[in-house]
Amino acid sequence: MAQRTRREFLQLAGVSGIVFASGLLDACASAERPRAEPADDFYFVQLSDTHWGYKGPANPEAAVELPRAVELVNALPRPPDFVIFTGDLTHTTDDPAERRRRMAEFRAHATRLKVPGVRFMPGEHDASLDRGQVYEENFGPRSYTFDHKGVHFIALDNVSDPKGILGDEQIDWLARDLRQRPKETPIVVFTHRPLFDLKSDWDWTTGDGSRAIDVLHAHPHVTVFYGHIHQEHHQMTDHIAHHAARSLVFALPAPGSQPKRAPLPWDAAHPGRGLGFRDVDADPRGPDYQLREIALASEA
């Protein structure tokens, strides 16, 4: 029997997938360009805002969403090259002991992913109360880089400073790192908060994010993946594409669509509505990305 594609798997599993082509290349040019050899193509999965430990009316079934996402990823016909969680792994708590317990429980679930590699980043719920101390005890550095099949990946921390900024030291570190990369190298940046000013009065911004965008701007092939806003969202800052991911626990409203930033009401008839994750197909020779949004459950 021929191996099923991820799209066919999603249809059989009863979950939806929406394809979005990233704007690194003109869509028509991308369609006409010969594909890279399969060995150079790869894909990864982005999960975000699991808020492990959350209990409340926005999702009475919060404890089942992370295990459900792990099962869906493990059931894909070909495992992704890696999975990255882009912040708010756990729900905030003032109790350091409880924070450690939630981190340990989250880590135990993440270790069940049957993939070659799993990477993590903090969100403000994980790191803002102790500047990332407990997060680092469990997951290591809050910012880092790695290279994979011709793509340079950068994880930035815009949450452990309570002011919601990157800070001079990290921006200088970013600039030094990029100076070592050829200009044509595809760059993928992971953050928790958006780097641009999406809606500052809802905390949907990074105080000094424009400085990081300025540093990145000199490179022609940059894509940013982030979380925090609990919904799919796509925006360009000149040639840099920014893509927000859905949450795994509750959805938030579109920017400015209601007076306050509050979770969308729980719908018992459609418990997975607005929740999900994405996989990202990469063609480093392009560079080119195809985003597939995957719902946790049928939203019909």
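Remarks
- Taking the criterion of being farther than 23 Å from Val151 by Cα and not hydrophobic (A, V, I, L, M, F, W, C), the residues of the stretch 234-254 that qualify are Arg246, Ser247, Pro253.
- Restricting the stretch 243-274 to residues that are over 18 Å from His192 (Cβ atoms) and in contact with an Asp or Glu (Cβ under 7 Å, 6 or more places away or on another chain), the residue that is most open to solvent (accessible area, probe 1.4 Å): Arg273
- Residue tally, condition open to solvent by less than 20 Å² (accessible area, probe 1.4 Å) and not hydrophobic (A, V, I, L, M, F, W, C), over the stretch 94-116: 1
- Filtering Arg68, Arg107, Arg99 for residues that are within 29 Å of Ala268 (Cβ to Cβ) and among the basic types (Lys, Arg) leaves a single hit, Arg68.
- For the stretch 172-191, a residue qualifies if it is modelled with pLDDT of 95 or more and either among the acidic types (Asp, Glu) or touching an Asp or Glu at 6+ places or on another chain (Cβ under 7 Å) (or both), and the qualifying residues are Asp172, Asp177.
- When the residues of the stretch 17-76 are filtered to those that are among the polar types (S, T, N, Q) and within 16 Å of the chain's Cα centre (by Cα), the one that is modelled with the lowest pLDDT is Ser22.
- Yes/no for His234 being surrounded by fewer than 22 Cβ atoms within 10 Å (Cβ to Cβ) and either more than 17 Å from Lys199 (Cα to Cα) or in contact (Cβ under 8 Å) with a residue 60 or more places away in the chain (or both): yes
Quick grid of which residues meet (1) touching a residue at least 40 places away in the same chain (Cβ under 8 Å); (2) not in a strand (DSSP E or B); (3) not aliphatic (A, V, I, L, M):
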site: Tyr43; (1), (2), (3): yes, no, yes
site: Ala58; (1), (2), (3): yes, yes, no
site: Ala69; (1), (2), (3): yes, yes, no
site: Leu72; (1), (2), (3): yes, yes, no
site: Val83; (1), (2), (3): no, no, no
site: Arg112; (1), (2), (3): yes, yes, yes
site: Phe120; (1), (2), (3): no, no, yes
site: Leu129; (1), (2), (3): no, yes, no
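- Consider the stretch 167-188 and keep the residues that are open to solvent by 100 Å² or more (accessible area, probe 1.4 Å) and in a loop (DSSP other than H, G, I, E, B). The one that is farthest from Tyr289 (Cα to Cα) is Gln180.
- Scanning the stretch 276-294 for residues that are open to solvent by less than 10 Å² (accessible area, probe 1.4 Å) and in a strand (DSSP E or B) yields Gly276, Phe277, Arg278, Asp279, Val280, Ala282, Asp283, Tyr289, Leu291, Glu293, Ile294.
- Total residues in the stretch 197-235, condition touching a helix residue (DSSP H, G or I) at 6+ places or on another chain (Cβ under 6 Å) and either under 23 Å from Lys260 (Cβ atoms) or in a strand (DSSP E or B) (or both): 1
The values are calculated or read from the model by the stated rules, or taken from the named source; none is laboratory data. A quick note: this is a predicted structure, and the numbers were derived from the prediction, not measured. Neighbour counts are summed over all protein chains in view; Cβ atoms, including those assigned to glycine, are modelled from backbone coordinates with ideal geometry. Each accessible area value is taken on the protein alone, full model and side chains, heavy atoms only, with ligands, DNA and RNA left out. Shrake-Rupley method; radii C 1.70, N 1.55, O 1.52, S 1.80 Å.
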